[in-house]
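The values are calculated or read from the model by the stated rules, or taken from the named source; none is laboratory data. Given the structure is predicted, the values throughout are model-derived calculations rather than measurements. Here the Cβ is made from the backbone with ideal geometry for all residues, glycine too, and neighbour counts use every protein chain on show. All accessible areas refer to the heavy atoms of the entire protein, side chains included, with ligands and DNA or RNA removed. Shrake-Rupley method; radii C 1.70, N 1.55, O 1.52, S 1.80 Å.
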Amino acid sequence: LFVAETSIMTKLLQWLLGVSLLGAIWTVVAFDLLGLSLPRTYREVAWPMPLYLLVSFGCYSLATVGYRVATFNDCDEAARELQEQIKEAKDDLKKKGLRM
């Protein structure tokens, strides 16, 4: 359990580092903090970039969920085992006097 939490935390830190890095780059380009004298078109493209990235991430997430739902595997063996357990439970309850 601790190993799983550590890997999740590591993934979280990776995402936070990536978002922070992109945010820092966007801030430098959008506000020209380093005085790089970038062309105006760079700043015009930089301003809506967070919105574009958010929409792209939403589309990617939706496509990923759709793909995983479409390729979801059936668990025939687990379904048979569960049906058998239900049958055993019903038989046990009948022996104890419960009528269904």
Exercise for the section: Working only within the range 60-78, note down all residues that are surrounded by 10 or more Cβ atoms within 10 Å (Cβ to Cβ) and at pLDDT 90 or above. Expected result: TYR60, SER61, LEU62, ALA63, THR64, VAL65, GLY66, TYR67
Fill in the blank from the handout: Per the list (1) open to solvent by less than 70 Å² (accessible area, probe 1.4 Å); (2) at pLDDT below 90; (3) not hydrophobic (A, V, I, L, M, F, W, C), residue check on TYR42 breaks on (1)
Fill in the blank from the handout: Residues in the range 8-51 that are touching a residue at least 24 places away in the same chain (Cβ under 8 Å) and aromatic (Phe, Trp, Tyr) total 1
